[in-house]
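**Student:** Take this structure first; my questions come after.
The values are calculated or read from the model by the stated rules, or taken from the named source; none is laboratory data. As the structure is a prediction and not an experimental result, all values here were calculated from the model. Surface areas here come from the heavy atoms of the whole protein model, side chains and all, with no ligands, DNA or RNA. Shrake-Rupley method; radii C 1.70, N 1.55, O 1.52, S 1.80 Å.
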Amino acid sequence: MTESPDEDYRRAAVDLLGAIAYGELSAFERLVEDAKLAPGIDDKIAIGAMATAEFGHLQKLVERLEQLGADPTEAMQAFRPSFDSFHAHTAPSDYYEGLIKAYVGDGLAADFYREIAAYLDAETREVIISSLEDSGQTAFIVERVRAGIAADHRLGGRLALWGRRLMGEALTQAQRVAGDRDSLTALLAGGVDRPGLDLAAMGRMFTRLTELHAARMAQLGLEA
């Protein structure tokens, strides 16, 4: 039996919310671990505040999943293997790499999800956009990284390479999330009553993602 367009759309919305929700849960867990590497109490508090914000975002996404009649755990579980694999391949080796990953990697993911959210209904889109908002804590990352580079210029070269690696891994992850779920592929393709992304539009989207990444790296004082 063929599903109705409304059910197709609901499935896509649930999949996207599930992906973002598991991403927020992963970010929360990772930041808690990063806080252990922080050199001082001030840094631990700042990282802890970022982790708390991520968990708050997760709760809003869970609520929206429940409103759509979905099981949040099941919705997130579908994306666990790909996210866990991404984090295993991009485990930071020190505190500064953890900061870069939180700022650059999570920032790129947020940019990607904002792009896809444009194809959702207003209520779901608002929940997603609000869950991706910068709580203001990332200014702390920029300050710490710039101070670290000023103290040790060799650090800048190493972190620039790390940022480029994260960019490549994150883009691959974004493409995997969109391509592995038929519902999300269909959402991006659009339909008779919904606009979608053709190849040219897809190319422009990834160009925007690359430009935003370069701007983020520049804020850190690093070359993209």
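**Student:** Restricting to Cα pairs below 8 Å that are 6+ residues apart, what does the relative contact order work out to for the stretch 61-196? Please round to a whole percent.
**Tutor:** Details: 74 pairs, mean separation 44.6, N = 136.
Over the stretch 61-196, the number comes to 33 percent.
**Student:** Straight-line reach only, C-alpha to C-alpha below 12 angstrom: list the aspartates and glutamates that K101 could link to, leaving out same-chain residues fewer than 8 apart.
**Tutor:** D34, E169
**Student:** Taking Cα pairs under 8 Å and at least six residues apart, what relative contact order does the stretch 1-107 come out at, in percent?
**Tutor:** Here the relative contact order equals 36 percent.
**Student:** Something else about it: Can you list the aspartates and glutamates whose alpha carbon sits under 16 Å from that of K36, skipping same-chain ones fewer than 8 residues off?
**Tutor:** Correct list for K36: D94, E97.
**Student:** Related question: How many Å² of accessible area per residue for the chain, probe 1.4 Å? Spell out each step's value before the answer.
**Tutor:** Numbers: 11130 Å² over 224 residues.
Accessible area per residue, the chain: 50 Å².
**Student:** Continuing with the same structure: On the protein heavy atoms, probe 1.4 angstrom, tell me the percent of accessible surface of the chain carried by carbon and sulfur. Don't jump to the answer; show the numbers that get you there.
**Tutor:** On the way: 6180 of 11130 Å².
So the carbon and sulfur contribution to the accessible surface is 56 percent.
**Student:** Please compute one quarter of the surface area of the Cα convex hull for the chain and express it in square nanometres. Don't skip to the answer; put the middle values down first.
**Tutor:** Values: hull surface 49.1 nm².
Its average projected convex-hull area is 12.3 nm².
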